[in-house]
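Quick notes on the structure that follows.
Derivation of every value follows stated rules applied to the coordinates shown; laboratory data play no part. For clarity, every value in this text was computed on a predicted model and none was experimentally measured. Every residue, glycine among them, receives a Cβ derived from its backbone with ideal geometry; neighbour counts consider all protein chains shown.
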Amino acid sequence: MKAENEEQGLFLGEFTYMAAEHPFETFQLKNERSDSIQYVKLEVLSNWGHPEYTCVYRLRVHGDAVPTEEDSAWHSAGNNRVH
């Protein structure tokens, strides 16, 4: 999603975690994107049978940072520190 209050963003994929195989898994998106994504919504469709909740210990999203106009202005002003 591009904004926090967005009701529905762009669908990135549906993945199945195979708990018996590995304690963690990596899923690749089928279509690479060239624009930035600010927010990711995780929707759990099945919680392995528990009627009230699903435990998610960690969700990581990896990709290449897309420079913003603010970043460009920062570096153009002679700043080279990470902010």
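Here are some notes:
- Distance between the pseudo-spin-label points of Glu43 and Glu25 (7 Å out from Cα toward the beta carbon): 1.9 nm.
- Highest to lowest packing among 30-41, 48-59, scored as the average C-beta count within 10 Å: 30-41, 48-59
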